[in-house]
Amino acid sequence: MMSRLPFFRDPESAPRQAGSRPLLCLKPSDLPTRMRSPAMPPRRLTANDPSIPLYQQVADSLRGDIENGFYAVGSSLPTENQLCDQFDISRHTARDALRLLEQAGFVSRRRGAGTYVESNRPKAKYVQMLSSIDDLFRYAHETRFEIEDVRRLKASQALADFLICEPGAPLIRLRGRRFQALSSRPFSLTELYLARRFDSALDAIVDHRGPICALIEEHFKIRIARIGQDIQAVNLMKAEAEQLDVKDGAAALKVVRRYYEDDGSLIEVSSNLYPGTRFTYTSWLDREEKA
């Protein structure tokens, strides 16, 4: 049996048997562009905000390399193992970073074939897949909620009917827009209402990255046991359309979520407007097995 010879050898140094043809030896320059990735630059992650997950920092760094052309469209990204060495991270972190890039439309991945750059711009549409509370927390981690207005107020009759609370109840309202982790274009307009009993954590809430409900759980030692969700088709009003940079009257999904403790107490209500051209909601329904 002929022993295997490594690729990229000098053809002149490769041993040959008498009467045999020269062995075909490939150099990196012989490979098609789509098969090569450039030499990896050294990377040091220096996020100013320690609450930004490590995998998102890695994804941000790779996104920068894609946007500035270091990794051209059609070229391959480093493997998970190479990313581990480059950034001094775990393989799980590398895999999560590549998943973020794939969700944003920068790359495509195929098992056994590697990761390839598909675009140097993020895709326009966000796809949300929810089947559990953990999925919703993950959604909040992997997107960015930029709070633009914070207000203390009392519930009017109309607001009380919407929130299912008493008229005059003291509330905290947060307004802002939500972005894909690797995009500067908003895909959601969000209003979030909290009971005034959470006022002592307001500064931490405003500065927090990630799911606000998770911060409330940790800060106040409570547990979110149930989330109710209502979905409605609407048309955006002029002010809403302007904030989302879409046409007045554009179709949208309005998703209202209500977060409850174990004892049924309401913790938080969020109202989210998603333009139809930038958002897809996906869910899976499983058949219950009969005993």
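The values are calculated or read from the model by the stated rules, or taken from the named source; none is laboratory data. Just so we're clear, the structure is a prediction, and the values are computed from it rather than from any experiment. Reconstructed Cβ throughout: ideal geometry from the backbone, glycine too, with neighbour counts over all protein chains shown.
Please go through region 253-279 and pick out each residue that is outside any strand (DSSP E or B) and at negative phi.
Within region 253-279, D262, D263, S265, G276, T277, R278 qualify.
Looking at region 216-226, which of its residues are hydrophobic (A, V, I, L, M, F, W, C) and either at pLDDT 90 or above or not assigned by TED's automatic domain parsing to the domain that holds T143 (or both)?
Pass one, region 216-226, residues hydrophobic (A, V, I, L, M, F, W, C): 216, 220, 222, 224-225.
Of everything in region 216-226, those that are hydrophobic (A, V, I, L, M, F, W, C) and either at pLDDT 90 or above or not assigned by TED's automatic domain parsing to the domain that holds T143 (or both) turn out to be I216, F220, I222.
Test of understanding: among R138, R196, R144, R177, which residue is at pLDDT 90 or above, surrounded by 15 or more Cβ atoms within 10 Å (Cβ to Cβ) and under 19 Å from R257 (Cα atoms)?
R177
What tally of residues in region 147-174 results from selecting those that are buried (at least 16 other Cβ atoms within 10 Å of the Cβ) and in contact (Cβ under 8 Å) with a residue 40 or more places away in the chain?
3
So R257 passes all but one of these: (1) touching a Ser or Thr at 6+ places or on another chain (Cβ under 7 Å); (2) exposed (fewer than 14 other Cβ atoms within 10 Å of the Cβ); (3) within 20 Å of R177 (Cβ to Cβ). Which condition number does it fail?
Only one criterion in (1) touching a Ser or Thr at 6+ places or on another chain (Cβ under 7 Å); (2) exposed (fewer than 14 other Cβ atoms within 10 Å of the Cβ); (3) within 20 Å of R177 (Cβ to Cβ) is unmet by R257, namely (2).
Taking helices (runs of 4 or more DSSP H) that fall entirely within region 31-109, which contain at least 2 residues that are modelled with pLDDT of 90 or more and basic (K, R)?
none
Could you tell me whether any residue of region 227-235 is touching a strand residue (DSSP E or B) at 6+ places or on another chain (Cβ under 7 Å), loosely packed, with under 13 Cβ neighbours inside 10 Å, modelled with pLDDT under 90 and assigned to a loop (DSSP other than H, G, I, E, B)?
no
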